[in-house]
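Bear in mind these aren't lab numbers, they're just calculated from the coordinates by the rules spelled out. Note that this is a predicted model, so its numbers are computed, not measured. Note that each Cβ is placed from the backbone with ideal geometry, even for glycine, and that neighbours are counted across all protein chains shown.
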Amino acid sequence: MVCENQNNKTSFSFVLFMRVAMVGWEYPPFMSGGLGVHCENLSRNLVAEGAEVDFFLPENACRFDAGGVRLVPVRYAEAQARMGSGFVDPYRYVRREMSLVESKRDALKLLKKRNRRKVDAYNVRLAKKIRALHKKKHYDLVHVHGRFNISSGVLVQQLAGIPFVWTVHSTIFDEAAEQSPDSLQYAIEKVGADCADRVIAVSKRTKKQLVKRFGARARKVSVVYNGINYADFAVEKPRRKKRSRVLFHGRLTNQKGPRYFLLAARQYLKKYGCTARFTMSGKGHLTDYLKRLARDTHIASRVSFPGFIPQEKLAGFYASHDAFVLPSVSEPFGITVLEAMAAGTPAVISNTCGVGEIVHNCLRTDYWNAERTADQVHALLSDDGLYEELSWRGREEVRKWSWDRIARDTLKVYGAVSK
């Protein structure tokens with residue numbers, strides 16, 4: 001770290017070389033959502049900034065373009081090892097395959113425990129792998145993403161003395177949405193909040209939740225937002241005489257509010273006539289339920305379910321729609337909003353989306369208010385001036401949230417940990 005004096009003000013710049021053991025359950029195409037997008041782009045841009053990144057993840061059958069990141073697969077289970085990009089569910093059965101860890105002591109007990117559950121055994125295996133490599137190349141810190149590898153971060157911290165940084169992409173309270181949170185998942189996140197040397201939250205909303213519900217010390221929680229590769233999504237938007245296509249894209253889980261998207265679609269079609277078509281893309285455990293709901297509410301003929309959209313087709317897919325809706329019940333961030341806006345597609349987001357802290361050229365609604373959401377969609381489809389303004393201003397607004405900026409912000413957190 002170099003200290004510079006400019007106009008009698010002290011500023012800090014970081015001269016890297018830093019070596020990071022990055023740990024996550026996703027790395028594209030082995031992914032299910034925004035966490036995987038974050039892990040890939042953060043890791044690549046840290047490398048571009050001069051850091052060395054080894055990314056540890058469950059062994060799988062996907063082919064990767066790692067972009068300078070060294071991928072280190074660690075054996076988890078046969079099912080994961082066979083997963084290719086044609087069918088990927090990194091979290092399949094994971095919640096059933098971990099034991100209750102409520103403290104640092106519980107995490108350390110995993111080392112001696114016999115008949116460990118799969119997630120526990122994986123975290124022990126992972127921690128030992130990092131410790132062995134640390135003896136050869138010296139890691140400056142271990143950076144864990146999500147909750148399922150928190151135990152490995154604690155073990156490495158205690159066994160090898162490596163600082164432990166934890167990024168919170170979503171808490172169990174977010175994922176529970178309108179249901180009761182899982183106590184086992186809460187317990188391990190509480191351990192992360194207590195034990196990590198530094199915690200990164202993807203929004204102020206998430207930071208407040210960590211402090212209030214997990215007892216994290218506010219001064220050790222830094223907010224680093226998600227980013228976007230703007231050029232990948234800034235495609236030419238097709239012009240149509242009549243705007244009519246409305247998109248929901250994301251995991252089909254309660255957290256993302258897909259049910260409320262369909263209720264808003266029903267309200268729109270009832271109030272404004274059958275002029276719009278609604279697309280619900282993505283995958284998740286609610287797929288069958290949502291298709292049934294579309295049939296039961298008599299809107300199935302106006303709703304399509306194309307499933308998972310490959311990354312290389314995503315920009316054109318966003319651009320082919322006229323409005324994007326994310327009615328999340330509890331959304332720490334919402335990378336899909338940045339992607340849609342970069343493609344020139346104006347967004348309607350719920351007031352419970354963290355991305356709303358950094359984007360303002362969009363429309364907002366309460367996730368549960370189907371009538372209000374329908375009215376917002378109608379405004380985008382019918383008001384040329386509003387549509388053009390939000391499309392253009394939205395593109396310009398998200399341009400600045402580049403992943404190289406997010407990497408530099410993350411390096412500042414690293415510097416605070418390692419000094």
| task | Using Cα pairs closer than 8 Å and at least 6 residues apart in sequence, work out the relative contact order for segment 325-419, in percent. | result | 27 percent
| query | Does a label point 7 Å from the Cα of Lys104, set along Cα-to-beta-carbon, have any residues of segment 130-153 with amide nitrogen under 16 Å, and which are they? | reply | 142, 150-153
| Candidates per trypsin sites (Lys or Arg not before Pro) in segment 189-285, loop by DSSP, up to 14 other Cβ within 10 Å | Arg217, Arg239, Arg240, Lys241, Lys242
| What whole number of Å gives the distance from the Cα centroid of segment 26-77 to the Cα centroid of segment 125-152? | 14 Å
| query | Hey, rough spin-label estimate for Phe17 and Glu357, points 7 angstrom out along Cα→Cβ, what's it come to in nanometres? | reply | 3.5 nm
| Relative contact order, percent, of segment 158-277 when contacts are C-alpha pairs under 8 Å separated by at least 6 residues? | 23 percent
| How many nm separate the modelled label positions at Thr287 and Arg405, each set 7 Å beyond the Cα in the direction of the Cβ? | 3.5 nm
| Structure-based [θ]222 nm, the chain - -39500 (n - 2.57) summed over DSSP H runs of at least 4, per residue, nearest 500 | -12500 deg cm²/dmol
| request: Please build a GNM for the chain, connecting alpha carbons under 10 Å apart, and tell me which residue among Ala294, Ala201, Ala132 fluctuates the most. | output: Ala132
| task | Set the Förster radius R0 to 22 Å, insert the Cβ-Cβ distance between Cys274 and Arg364 as r into 1/(1 + (r/R0)^6), and round the FRET efficiency to 0.05. | result | 0.25
| query | Expressed as a rounded percentage, what relative contact order does the chain have, with Cα pairs under 8 Å and six or more residues apart? | reply | 14 percent
| Full-stretch length increase - Leu111, Ala66 - with 0.36 nm per residue and alpha-carbon distance subtracted | 13.1 nm
| task | For helix 204-214, report the angle its Cα long axis makes with the longest principal axis of the Cα atoms of the chain; keep it between 0 and 90° and round to the nearest 10°. | result | 60 degrees
| task | Give me the distance in nm between label points sitting 7 Å out from Cα along the Cα-to-Cβ direction at Ile309 and Tyr93, one decimal. | result | 3.2 nm
| Which of Leu108, Gly34, Leu263 sits farthest toward the positive end of the charge dipole of the chain, with +1 on the Cβ of Lys and Arg and -1 on the Cβ of Asp and Glu? | Leu108
| For Cα Rg over 2.2 N^0.38 Å, the listed values are [x] 1.27; [y] 1.00; [z] 1.53; which was obtained by calculation from the structure presented? | [y]
| note | Protection proxy (average C-beta count within 10 Å per residue), highest first, orders 39-48, 106-115 as 39-48, 106-115
| remark: Surpassing 28 Å at the alpha-carbon level, of the pairs Lys256/Lys313; Lys113/Lys207; Lys112/Lys136; Lys208/Lys412; Lys113/Lys135, are Lys113/Lys207
